[in-house]
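Values quoted throughout were computed directly from the atomic coordinates according to the rules given, and no laboratory measurement underlies them. If you're wondering where the values come from, they're calculated on a predicted model, not measured in any experiment. Because the Cβ atoms are built from the backbone with ideal geometry, glycine has one as well, and the counts that use them run over all protein chains shown.
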């Protein structure tokens, strides 16, 4: 017995399946509460679950305020989604409780949220110092180079010249985070200067006195 199939229909089906798979890979977390949950887990605020309703009430009662601000049922649904997407893993203890921990994929996702929401706090008074960020990132890592340049601009840095940026306020922690996130520690230099030759122009640019 011979079996016949329509080649064009088969190709369309394959194309459709590939599109579905790609959409799943590119799936983004837009829910603010889901973002918050991932960031809380990354910051070390533990979350435990259990099958026992009595123990469950005890765990929820003793959760830190940040977790309590998320509706309990919605929180369980969030964790279930995270598990399905392999963003978290479960570690069961001897007493039957389950600790929720971030996977490497979940940590990277949380880091991406943190860098997207990053802002530099401006002090009441300027300390008269300039923060300078310089980088020399090879062409093979052009994507990271373009990303860090765009991020510095979004944070308010002024580009003195190609790959040299300046900012008037303390930002060492933020720069360290960006460098670690893009894994370009050996390509970036950070310094603080009391004087720059175009200081007057920079003061005008940043609205400083």
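In this simple spin-label model, placing a label point 7 Å from the Cα along the Cα-to-Cβ direction at both residue 177 and residue 204 gives a separation of 3.4 nm.
Sorting 187, 171 by the number of Cβ atoms found within 10 Å of their own Cβ, with the fewest placed first, yields 187, 171. Each residue in 103, 197 was given a count of other beta-carbon atoms within 10 angstrom of its own, and listing them fewest first yields 197, 103.
Please report 158, 80 as a ranked list, fewest other C-beta atoms within 10 angstrom at the top and most at the bottom.
Exposure proxy ranking, most exposed first: 80, 158.
Taking label points 7 Å from Cα along the Cα-to-Cβ direction, residue 80 and residue 161 give a separation of 5.9 nm.
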